[in-house]
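Please treat every number below as a calculation from the coordinates, not as lab data. Just so you know, these numbers come straight off a predicted model, no measurement behind them. With ideal geometry, Cβ positions are generated from the backbone for all residues, glycine too; neighbour counts draw on all protein chains shown.
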Amino acid sequence: MKNRTLLLIAILVIATTLLSAGIPREFNRSNEILPVDGKLTQSYPTLQKGINQLLPMGVLDTLIWVDGGNVNFGGWTDDYFAAYFVPAADGTLHSLTFNMSDLPDVSGGGMAVWIYEANYTWPEISTVDIADGPNSWLGYYDTADGPQAFGTEAEWHGGYIDSLEEAITGKIYDPLGKKVWPMFGAGNVALEPTPADKGFFTVNLIDLGSTYDFAMGDTFMVVVKFTGFEGTGDVTEHRIGFLSGKFDVEPQPGLKFYNVNSSPTGRRDIDDWGWYIRSYIWDWRANVEYTGDRGPVISDLTVLNTTISTAARTVTATITDDNPSGGSAGVASAAIMYSTDGGANYSSVSMTHSGDVFSGDIPGQAPGTEIYWYVQATDVEGLVTETIPKKYSIFEATSSFLFLYDASSHPYDFGYMYPYFYGYNCPSDSFMWDQWNGLGYGPATAELLANYEVIYWVGGFYPANVPNGQVFADWLATGTADNPKCLLVTGQDYGVISDFKDTTFSPGSFEYDYLGIAKLGPQDIIEGTTDIYPLDPVQDDIISGYMYQLMQDSSLQLVYDPSYLRGTNWIDNMEATDDATVFLTDPNNNDGPVGVRKEGAGFKAAYISVDPYCLNYADMSDSTVYYSNTDDILNIFDKFLVWFDASRLDVENEVTTVPKAFSLKQNYPNPFNPTTSINYSIPRNEFVRLTIYNMLGQKVRTLVSSRQVANEYRINWDGRDDNGLEVPSGVYFYNMEAGSYVSTKKMVLMK
């Protein structure tokens, strides 16, 4: 593994000076959640009745939370994963199918599988509210053999969930109840390497001793422990992952136990091993055979994405009632339940039907409204079935800037993307751009684009719902010389975005007229490798000139490092049109363009064929990689804002009263847990840096690092460091620099 260090660089008014190289990256944290490696095309295996069962009235079904997913969520030896399932009727569990997104690269790995009664969830706890955060830490058993998922009551070591006001003092928040399968030991299975490094893996319970019988509503937990590579920490070849998705459901189905092997000092380096509630949900399937009566079966349910329309929305579903036990069958009624107050109160809309197809309308809502909804169906015997609550929003445009994210597969969910495209040190609550997630909201439309002056369009692996380029061409054509429309297209190679339908473009096309692309050149030049690859910036270019200057003032080389964060987006070339400007080239392929930009009377547009946040610097003599995009000053996306002349637009809130002097206020509340607010004022436009330090003088978090207009500001700190990790209780200092003004104050975090 290459030596990866973080480069801290300060750019002064005239000269670029290299200051220091420091903190090494920790592998396990950055590789727990990875992108899916390519498009998953395997089909789900056909279900069959258990050969030992003679149940003529039985009905086969699959209990499943998420079908597929866009995340490769992994772990290592001794880590546990768990998920709960609730059967809709009496029956038998015959097998479990796991959708693997990563298998060990060498032989010797495997899984131990159990089924437990659920001691999860708890009525006093909202798992959606705490999932992924510090209070999602449930705890572990502190045994003589170290942290374990099993132990005695006296050995239980509670986690941060105990600090919740609603938590019951002294309660053991262990999610596992009594073991119910297998009778002895565990169901041990081997996980051997495969060429595809992924696929469906089915565990037949009868092969490991017996099936598992359940009653309607008996919640059971499927528990998996990774085995086979003791003492190897977080070695890449030993990683095992499940295809996963992320959404809110109460209670959250997915839990993970972080163990000593992969997390020697705990998940956050504070001895915090044990169970955590995650918002990620593993694609696990419990293959059952129902033998008792159940409520109606709801299928083919309409998908409602976020929309800009305020009109009513129609929901349809196929609803049937089969009654495996042979009782009376039939659907008595169905309704759509919807809420506009976060799920606190629901209203009902009756559904009409034609045969098995039921439909109804959710009333239209105002922009900015978030709607929770589900379908409820009742059969003739009074049994009720409810779908998992879903939500969508009525989109409200509030900014001149749009961050449009069109990836169907990425290691980070949409909420984590802003640092890499608008400055690593820009906190999410200060991110002034509107955000549109193509995967969750659907394709961008002309009606949406009409609200904006600047758009970053970011694609990922096999983008979903990618809008037609003509939509962007029509939008760019509405710009004027004084107020041009500005577009940056990046994230993945354009061949993926266009599905490789065209490789040569001519006048009249979006690619030729606006992006400056005449032809797609060689694609995936370094396919199959994770090695760094040199690229060349262009001297004095408004986008990449600062990179060129840095290379001249040091021994560093600009490189593309595909293994950083994403892993499999390799270098691509193209041919530029005569009227386009090339700002990034491939020195190993005749300086083939990698980044081009073009401007006309009413537009400015640019395209980069690589993931810009994988552009870093390296000392080519020893392959040391320095990560430059973790500092706003070096963030290439800031350079596009300069070229776009974004200062002509209101990035910050409108200034109503200009402050008379610089000031930094005491945070409130103080002490605080977990969030506090910091207010400050600047009387003139200045570059502002607001930084948090610990008692040792070490930087914990940079809250602000950007040029701001004269105004009053408030920013929140959520008690996390620059890596998104929760910091411990203690005294912290926050320091503000704006021009010649410097001020420092103290605050206390108490948990």
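Extension gain for the segment Ser107 to Asp540, taken as residue separation times 0.36 nm less the Cα-Cα distance, is 150.6 nm to one decimal. Using only side-chain charges placed at the Cβ, +1 for Lys and Arg and -1 for Asp and Glu, the dipole size of the range 663-749 relative to its Cα centre rounds to 180 debye.
The magnitude of the dipole of the range 297-393, with charges of +1 and -1 set on the Cβ of Lys/Arg and Asp/Glu and taken from the Cα centre, is near 380 debye.
Normalised by the residues of the range 132-241, what does the relative contact order come to in percent, with Cα pairs under 8 Å and at least six apart? Please report the intermediate quantities before stating the final value.
On the way: 73 pairs, mean separation 18.7, N = 110.
With pairs under 8 Å counted, the relative contact order is 17 percent.
The modelled label-to-label distance between Leu208 and Thr236, using points 7 Å beyond Cα along the C-beta direction, is 3.0 nm.
Computed about the Cα centre, the dipole magnitude for the range 31-290 is approximately 660 debye when only Lys and Arg (+1) and Asp and Glu (-1) carry charge, each at its Cβ.
Computed extension length for Asp356-Glu166: 64.0 nm, one decimal, from 0.36 nm per residue of separation with the Cα-Cα distance subtracted.
What the Cβ-Cβ distance of Asp271 and Val658 gives, at R0 = 45 Å and to the nearest 0.05, is a FRET efficiency of 0.35.
Label 7 Å along Cα→Cβ of Met750; the range 122-142 residues with amide nitrogen under 16 Å? None, by backbone N distance to the label point. Computed packing ranks the peptides 86-98, 359-371, 443-455 as 86-98, 443-455, 359-371, most packed first, by mean other Cβ atoms within 10 Å. Candidates Tyr160, Trp181, Ile270 compared by Cα position along the dipole of the range 31-290: farthest toward the positive end lies Trp181, with charges placed on Cβ.
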